[in-house]
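Enquirer: Below you will find the structure I want to go over with you.
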Amino acid sequence: MALLSIAPLAPRWCVHKSLVTSSKVKVVRRTMSTSIRMCQITTVSGEGVQRRIANHHSNLWDDNFIQSLSTPYGAISYHESAQKLIGEVKEMINSISVKDGELITPSNDLLMRLSIVDSIERLGIDRHFKSEIKSALDYVYSYWNEKGIGWGRDSVVADLNSTALGLRTLRLYGYPVSSDVLQHFKEQKGQFACSAIQTEGEIRSVLNLFRASQIAFPGEKVMEEAEVFSTKYLKEAILKLPVCGLSREISYVLEYGWHMNLPRLEARNYIDVFGQDPIYLTPNMKTQKLLELAKLEFNMFHSLQQQELKLLSRWWKDSGFSQMTFPRHRHVEYYTLASCIDSEPQHSSFRLGFAKIFHLATVLDDIYDTFGTMDELELFTAAVKRWHPSATEWLPEYMKGVYMVLYETVNEMAGEAEKSQGRDTLNYARNALEAYIDASMEEAKWIFSGFLPTFEEYLDNGKVSFGYTIGTLQPILTLGIPFPHHILQEIDFPSRLNDVACSILRLKGDIHTYQPERSRGEESSCISCYMEDNPESTEEDAINHINSMVDKLLKELNWEYLRPDSNVPITSKKHAFDILRAFYHLYKYRDGYSVANYEIKNLVMTTVIEPVPL
């Protein structure tokens, strides 16, 4: 692939006479000739073609740096130590499951089981204890009633901490539990009760109430009330607490909630929290073994991450992407997201496929949104639909390389998926890719013609052009989990789960991207289209409306993912759901796609580059 040498010209500013600088600026219906445009024009050397360019920051992770990474944690001795610890932890869990003792009694056995399951999950080692977790939760559920549960099976009164933790954990594992149990923890005035003095036990109870409230389904008013109450309570409590394991846990949970939480990031944080303050458990229960195992598992996977990252970086370099100056290079960041939601060693194809597909989608996004001319985009769109190497004959040089890498990567992943699924899945991938390209082409037409669609038109198209579907479909088909056609229909386009996920990501993404995109002449966004449809609205009104839409959609997403009446098991939907969480995390503070040198860079360092101290 030829190096694209780009020589900037002086910026050309195209500003409409009605430009107003306040947030109440109205976008005039319905062509961009009446909108604010700030268009930097560049000329590509040797072509004489004027192009727009976004000036994204360059790749942060040099291939030489990636190839130089090393770690000792791939040695067999660490794997042997981990296997020994797994056996000891299983023995510990089984011992408290079959009999009462000095520490596990009829007055605390329910909370103890829930706490062990919760700690195992948050430490990132739950994959080793699936049967033990099921046995523990089956036991807890057998004592669940309309008022919740107490500490133990002999408890006469329900306890907020046990009930909130039980509601959250049981619901996440598909048990049919109602949030109505929380009504019993309100006082006469209908408010959640709390004492005048905030004790550590009460703070932990409210913390688990907040965590439970994040798993709300549509229409669950008590969960909304629980979230409002617990958020206010915890924000006040953390101001009074010294720096400790509990304060760190509260800070993390308030910052990321559930939908922005990444399992590997949580494990890294909880290793430190658990080391300072093993919640509910005592040293006599060998909880130190949990911590030792979590650290070993984190670092052994860290060793595998380095191997996979070297393969990905070499693919990026050998494919010619390293010579391309106009697109965003985020392959390492995408790999990080994939490894933060799936640390199963056998799922290398998922992680690498995820990173490759989303990197390609980002390059395509930059071609269709900024760099490509309209004639080029039409040629590329036709080439994708033809799906044959000979289709490159009519493409410009820079597109030929992109097309062939796309072609080879999609076909290669289809081959991996066929091994896993026992059938050819290439048509699924091609259909999703063509839908993505068509949606991207529609947006390009809006940019070049200056057309501003309605909010509904924009969102319907934007749900597809985000790329969630193409980036989700092929990687999950390599997992080794069977995805027959009827299950794929429930989790992929045009399923409600997929539609809700795409809507959330498009809406949330636009809140962070519309200003820089607008400065490049990309006028269409959820914000601008909403303001045009509602002439009296301000920018702040539009953002508030979109945030409200997202809040409602998140509850619907919870239901589609966890609904107990579904014919599709939660395990089949988990990766599709977690991919949404990964991208939702990117939009926590800013457009983490485009500006990856702050929080996302730290995420790479914390979860991929650096091991945890043993």
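The values are calculated or read from the model by the stated rules, or taken from the named source; none is laboratory data. Values in this document were obtained by computation on a predicted structure and should not be read as measured data. Cβ placement follows ideal geometry from the backbone for every residue including glycine, while neighbour counts extend to all protein chains displayed. Heavy atoms of the whole protein, side chains included, go into the accessibility calculation; ligands, DNA and RNA do not. Shrake-Rupley method; radii C 1.70, N 1.55, O 1.52, S 1.80 Å.
Enquirer: Only one of 579, 546, 600 is of a type in the set (Val, Ile, Thr) and within 25 Å of residue 272 (Cα to Cα). Can you tell me which?
Expert: Going through 579, 546, 600 in turn, the sole match is 600.
Enquirer: How many of the residues in the stretch 440-464 are surrounded by fewer than 19 Cβ atoms within 10 Å (Cβ to Cβ) and of a type in the set (Gly, Ala, Ser)?
Expert: Residues flagged as surrounded by fewer than 19 Cβ atoms within 10 Å (Cβ to Cβ) and of a type in the set (Gly, Ala, Ser) within the stretch 440-464 amount to 2.
Enquirer: Just checking, which of 517, 523, 556, 536 is surrounded by 23 or more Cβ atoms within 10 Å (Cβ to Cβ) and of a type in the set (D, E, K, R)?
Expert: When all the criteria are applied, what remains is 523.
Enquirer: Here's another thing I want to ask about it. Could we say that residue 180 is under 13 Å from residue 110 (Cβ atoms) and either acidic (Asp, Glu) or buried (at least 22 other Cβ atoms within 10 Å of the Cβ) (or both) here?
Expert: In short, no.
Enquirer: Right, something else. Of all the helices (runs of 4 or more DSSP H) wholly in the stretch 322-386, which have at least 1 residues that are of a type in the set (Ser, Thr, Tyr) and surrounded by 23 or more Cβ atoms within 10 Å (Cβ to Cβ)?
Expert: Of the helices (runs of 4 or more DSSP H) lying wholly inside the stretch 322-386, those with at least 1 residues that are of a type in the set (Ser, Thr, Tyr) and surrounded by 23 or more Cβ atoms within 10 Å (Cβ to Cβ) span 331-341.
Enquirer: Mind telling me which of the residues 247, 251 ends up being part of a helix (DSSP H, G or I), over 22 Å from the mean Cα position of the chain (by Cα) and within 22 Å of residue 119 (Cα to Cα)?
Expert: When all the criteria are applied, what remains is 247.
Enquirer: Conditions first: (1) open to solvent by less than 10 Å² (accessible area, probe 1.4 Å); (2) of a type in the set (A, V, I, L, M, F, W, C); (3) under 20 Å from residue 163 (Cβ atoms). Residue 271 passes all but one, so which condition is the exception?
Expert: (3)
Enquirer: Here are some residues: 266, 236, 224. Which one is of a type outside the set (A, V, I, L, M), open to solvent by 10 Å² or more (accessible area, probe 1.4 Å) and closer than 20 Å to residue 182 by Cβ?
Expert: 224
Enquirer: Could you figure out which of (1) at pLDDT 95 or above; (2) over 28 Å from the mean Cα position of the chain (by Cα) isn't true of residue 201?
Expert: Condition (1) is where residue 201 drops out.
Enquirer: So, residue 512, is that one part of a helix (DSSP H, G or I), assigned by the TED database to the domain that holds residue 425, open to solvent by 10 Å² or more (accessible area, probe 1.4 Å) and touching an Asp or Glu at 6+ places or on another chain (Cβ under 7 Å) or not?
Expert: Yes.
Enquirer: Take the residues in the stretch 387-417 that are among the charged types (D, E, K, R) and touching a Gly at 6+ places or on another chain (Cβ under 9 Å); name whichever of them is surrounded by the most Cβ atoms within 10 Å (Cβ to Cβ).
Expert: 416
Enquirer: Still on this model: Could you please let me know if residue 471 is open to solvent by less than 20 Å² (accessible area, probe 1.4 Å) and on the phi > 0 side of the Ramachandran plot?
Expert: Taking the combined requirement at face value, the residue does not satisfy it.
Enquirer: Tell me, yes or no, whether the stretch 296-304 has at least one residue that is of a type outside the set (Lys, Arg) and outside any helix (DSSP H, G or I).
Expert: no
Enquirer: If you don't mind, there's one more thing I want to ask. Go through 541, 551 for me and flag whichever is within 26 Å of residue 600 (Cβ to Cβ), surrounded by fewer than 19 Cβ atoms within 10 Å (Cβ to Cβ) and not aromatic (Phe, Trp, Tyr).
Expert: Criteria check complete, one pass: 551.
Enquirer: Separate question: Just name the residue that is surrounded by the most Cβ atoms within 10 Å (Cβ to Cβ) out of those in the stretch 418-434 that are over 18 Å from residue 468 (Cα atoms) and not basic (Lys, Arg).
Expert: Within the stretch 418-434, the match that is surrounded by the most Cβ atoms within 10 Å (Cβ to Cβ) is 421.
Enquirer: Moving on to the next point. Among the listed residues 209, 234, 239, 182, which satisfies the condition of being assigned to a helix (DSSP H, G or I), in the same structural domain as residue 118 (by the TED database) and over 26 Å from residue 555 (Cα atoms)?
Expert: Answer to the selection: 239.
Enquirer: Could you say whether any residue in the stretch 572-582 is within 20 Å of residue 306 (Cβ to Cβ) and of a type in the set (Val, Ile, Thr)?
Expert: no
Enquirer: If you don't mind, another one. When you scan the stretch 532-614 for helices (runs of 4 or more DSSP H) that lie fully inside it, which ones turn up with 2 or more residues that are at pLDDT below 95?
Expert: Ranges flagged: 570-586, 599-604.
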